[in-house]
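Novice: Before anything else, here's the structure in question.
Nothing in this text is a laboratory measurement; each read-out follows from the coordinates by a stated rule. Just so you know, these numbers come straight off a predicted model, no measurement behind them. Because the Cβ atoms are built from the backbone with ideal geometry, glycine has one as well, and the counts that use them run over all protein chains shown.
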Amino acid sequence: GRGSEAVAACLDHVKTFLESKGLTYPELEHPDWLEKLHFMVDMTGHLNMLNKSLQGKGSTALQMLEDILAFERKMTVFARDVQKGTFSHFPSLREFKEAHNHINCEYLQRAIIEMQTAFGQRFSEFRKEKNTLSFPVTPLDIDPSMLNMSTFTGVSLTDLEIELADIADKELWVSKFKRLTADLEDVAQECFHSSLGPHIAPQEEPPQPSVDESFNHRTETIALAGCEHG
């Protein structure tokens with residue numbers, strides 16, 4: 001990503017250097033090749049941002065899936081941006097267009113759509129688990145029959161349906177789930193800020209539960225509710 005960006009930014013210097021060495025690369029004068037180079041610079045930048053988000057410390061499987069689904073939606077925006085020729089999300093390509101006054105928008109749009117299709121196919125199985133991954137966060141908002149019960153060791157769908165129905169309108173348990181959701185949001189924010197790099201240490205605060213601790217606490221709460229109301 002950084003390499004192609006550097007080449008695109010210093011293209012004139014690169015060509016001058018190569019000429020001084022007696023080297024010729026016809027591609028550097030070919031508009032179609034240069035167009036693809038600038039497109040790759042911008043698209044790689046978007047992919048690098050996604051990669052950084054996925055590698056963020058403390059990210060849960062649900063958060064990673066949401067990042068991937070969000071990127072798929074962004075590619076729809078990217079394709080429309082290229083189709084219109086505005087290039088709001090492609091600064092390198094926009095500069096190239098201003099200099100050459102011509103871009104094969106149809107080709108670039110098709111490339112983005114093909115990439116979007118490849119994403120959808122690659123993560124299709126992962127997407128099917130969205131309800132299961134969301135369940136620890138919003139257990140009262142998801143139909144238990146949509147869950148992959150093999151991930152919940154020792155829990156049967158029949159028992160889970162009854163337990164959730166039993167506590168759904170009990171304010172005590174609804175409040176507990178809301179507090180646990182708030183804890184998960186705090187952890188997610190902490191992970192996000194830590195991914196931005198080192199900062200000045202904030203004032204000392206009570207330790208926040210880890211994502212795993214919050215997940216375990218939530219599943220234990222559901223199990224406890226079933227025991228008390230079984």
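Novice: Provide, for region 2-128, the number of lysine pairs with alpha carbons under 27 Å apart, each pair being eight or more places apart or on different chains.
Specialist: Pairs that pass both the separation and distance tests number 15.
Novice: Determine how many Å³ per residue the convex hull of the Cα atoms of region 15-65 encloses.
Specialist: Looking at region 15-65, the number lands at 100 Å³ per residue.
Novice: Quick one, can you get me the convex hull of the C-alpha atoms of region 29-119 expressed as volume per residue in Å³?
Specialist: 89 Å³
Novice: Now a separate question. Among the lysines, select those whose C-alpha is under 17 Å from the C-alpha of Lys178, and discard any that sit fewer than 8 residues away in the same chain.
Specialist: Lys170
Novice: Listing Val41, Val137 from the residue with the fewest other Cβ atoms within 10 Å to the one with the most, what is the order?
Specialist: Val137, Val41
Novice: I need Phe87, Phe126 ordered by Cβ neighbour count within 10 Å, fewest first.
Specialist: In increasing order of surrounding Cβ atoms, one gets Phe126, Phe87.
Novice: So if I place +1 on the C-beta of Lys and Arg and -1 on the C-beta of Asp and Glu, and nothing else carries charge, what would the dipole magnitude of region 2-128 be about its Cα centre? I want it in debye, nearest 20.
Specialist: 520 debye
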